[in-house]
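Engineer: Encoded as structure tokens, here's the structure I'll be asking about.
The values are calculated or read from the model by the stated rules, or taken from the named source; none is laboratory data. The structure displayed is predicted, hence computed values, not measured ones. Ideal geometry is used to build each Cβ from the backbone, glycine not excepted, and the neighbour counts take in all protein chains shown.
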């Protein structure tokens, strides 16, 4: 097992090296994309200021707790984007052009290559800005998270990224039937905006759908509640973990089912 792990780590290091080389070949695009993401992040913060000029709270969420939520949501989104987004959106091109043939022939796990072959380095910079926003919001709230809270936040963020990846990968694999699935994938990506909203702002069927079926509300709200010390029971932890494991299992099953449908572009 250690030999296999070392082999895959070496392979992933090579993929990182290729990504760095590619990004540095187009420095202007790299910087411009960071600026665009920062402007969008700034617009979200401005939206909070406008919103809370009309009210003191949204459910149990105060202004700076909401800013903390936006920071956490962007942190999770940017890390997901760094590792998985480009790869999920490019899957349909691999199928359409027949390049999937080469991935299937390589002596490594095909899903590993398909999911991790490209790294978006600019997203790490934007994730750092999200951490700065969370830090400032925590200072305004006079929060002093313990080591356990930081560890819990990090673990739940990892589960949230797993949920986003599993759901988007399922949507991406639809390309084995439709060839082009970028529209469906980007449609789910746009749902990330719901993740930055407090869960208390929703009720009824809408909240149920975006808590269980498409759990974007859980992904950012639960980790933020851990940092803000707003969780009084382990129910939310267990719910997020259970949903994450369930979607990961469904994603793996759907991938195996979908790959059997692949007949290559030449057949």
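Engineer: Scan the range 53-69 for residues that are more than 24 Å from residue 129 (Cβ to Cβ) and touching a helix residue (DSSP H, G or I) at 6+ places or on another chain (Cβ under 7 Å) and jot them down.
Structural biologist: 59, 60
Engineer: What is the number of the single condition among (1) surrounded by 14 or more Cβ atoms within 10 Å (Cβ to Cβ); (2) more than 14 Å from the chain's Cα centre (by Cα); (3) part of a helix (DSSP H, G or I) that residue 143 does not meet?
Structural biologist: Failed condition: (3).
Engineer: Given the options 34, 58, 45, name the one that is under 30 Å from residue 228 (Cα atoms), over 21 Å from the mean Cα position of the chain (by Cα) and touching a residue at least 40 places away in the same chain (Cβ under 8 Å).
Structural biologist: Working: 34 fails: over 21 Å from the mean Cα position of the chain (by Cα); 45 fails: over 21 Å from the mean Cα position of the chain (by Cα).
Only one candidate qualifies: 58.
Engineer: Let me ask something additional. Testing residue 240 on (1) assigned to a helix (DSSP H, G or I); (2) closer than 24 Å to residue 41 by Cα, one condition comes back false. Which one is that?
Structural biologist: (2)
Engineer: Here's a follow-up. Over 22 Å from residue 71 (Cβ atoms), surrounded by fewer than 18 Cβ atoms within 10 Å (Cβ to Cβ), over 18 Å from the mean Cα position of the chain (by Cα) and at pLDDT 90 or above - does that describe any residue in the range 233-253?
Structural biologist: yes
Engineer: Is the range 29-37 home to any residue that is within 30 Å of residue 61 (Cα to Cα) and loosely packed, with under 15 Cβ neighbours inside 10 Å?
Structural biologist: Yes, the range 29-37 contains at least one residue that is within 30 Å of residue 61 (Cα to Cα) and loosely packed, with under 15 Cβ neighbours inside 10 Å.
Engineer: Still on this model: Could you check residue 130 against (1) surrounded by fewer than 18 Cβ atoms within 10 Å (Cβ to Cβ); (2) out of contact with any strand residue (DSSP E or B) (no Cβ under 8 Å at 6 or more places or on another chain); (3) more than 30 Å from residue 264 (Cβ to Cβ) and say which number it fails?
Structural biologist: (1)
Engineer: For the range 190-232, which positions are part of a helix (DSSP H, G or I) and under 14 Å from the mean Cα position of the chain (by Cα)?
Structural biologist: Answer for the range 190-232, where residues must be part of a helix (DSSP H, G or I) and under 14 Å from the mean Cα position of the chain (by Cα): 190, 192, 193, 194, 195, 216, 217, 218, 219, 220, 221, 223.
Engineer: Can you name every residue in the range 113-149 that is under 23 Å from residue 241 (Cα atoms) and without any contact (Cβ under 8 Å) to a residue 60 or more places away in the chain?
Structural biologist: If the condition is that a residue be under 23 Å from residue 241 (Cα atoms) and without any contact (Cβ under 8 Å) to a residue 60 or more places away in the chain, then 115, 127, 146, 147, 148 are the ones that fit.
Engineer: How many of the residues in the range 94-112 are within 30 Å of residue 73 (Cβ to Cβ) and either over 23 Å from the mean Cα position of the chain (by Cα) or free of Cβ contacts under 8 Å to residues at least 60 places away in the same chain (or both)? Break it down into steps so the answer makes sense when it comes.
Structural biologist: Quick first cut of the range 94-112, residues within 30 Å of residue 73 (Cβ to Cβ) only: 94, 111-112.
Filter once more, so that each one left must be either over 23 Å from the mean Cα position of the chain (by Cα) or free of Cβ contacts under 8 Å to residues at least 60 places away in the same chain (or both): 94.
Number of matching residues: 1.
Engineer: In this structure, does residue 212 turn out to be over 30 Å from residue 103 (Cβ atoms), touching a residue at least 12 places away in the same chain (Cβ under 8 Å) and surrounded by fewer than 17 Cβ atoms within 10 Å (Cβ to Cβ)?
Structural biologist: yes
Engineer: Return the residues of the range 160-189 that are surrounded by fewer than 20 Cβ atoms within 10 Å (Cβ to Cβ) and outside any helix (DSSP H, G or I); say none if nothing qualifies.
Structural biologist: Those that are surrounded by fewer than 20 Cβ atoms within 10 Å (Cβ to Cβ) and outside any helix (DSSP H, G or I): 174, 179, 180.
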